[in-house]
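Reading through the structure tokens given below for one structure.
Every number here is computed from the coordinates shown, using simple stated rules; none is lab data. Model, not experiment: these values are computed from the prediction. Neighbour counts are summed over all protein chains in view; Cβ atoms, including those assigned to glycine, are modelled from backbone coordinates with ideal geometry.
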Amino acid sequence: MIYVFIFILTLFDCLLTLWGISSGKITEGNPLLVKLFSWDPFWGVTLIIIAVGLILVFISKQKIKWLQPVVMGLLWIKIFVMFLHIGWMT
């Protein structure tokens, strides 16, 4: 279930970032994603959503002990990022 939450937060993150970039409210801060958004924001977001979905499906099938705390950490980072989005949206 945690993987579904991470995917949903990623989806919202991407859509809000796309909106923020399109409206001129923000610029992408992640140097790895700047190229994707400068190439074509819509296809960049689509590629990110598909890649994250596939990675989450792969990770969810793994039975590695240290993976659960890492996934929990990722969830908390995603929640923090959503608060950052709320900050620039207001």
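Descriptive notes on the structure:
- Selection from region 50-61 of residues that are surrounded by 10 or more Cβ atoms within 10 Å (Cβ to Cβ) and over 19 Å from Thr17 (Cβ atoms): Leu54, Val57, Ile59, Ser60
- Residues satisfying the stated conditions in region 57-90, i.e. of a type in the set (Gly, Ala, Ser) and either touching a residue at least 24 places away in the same chain (Cβ under 8 Å) or touching a strand residue (DSSP E or B) at 6+ places or on another chain (Cβ under 9 Å) (or both): Ser60
- Flag for Leu32 being surrounded by fewer than 11 Cβ atoms within 10 Å (Cβ to Cβ) and in a helix (DSSP H, G or I): yes
- Taken as a whole, the condition of being more than 22 Å from Trp88 (Cβ to Cβ) and buried (at least 16 other Cβ atoms within 10 Å of the Cβ) does not apply to Leu47.
- From Gly87, Gly73, Gly20, residue being surrounded by 13 or more Cβ atoms within 10 Å (Cβ to Cβ), in a helix (DSSP H, G or I) and small (Gly, Ala, Ser): Gly20
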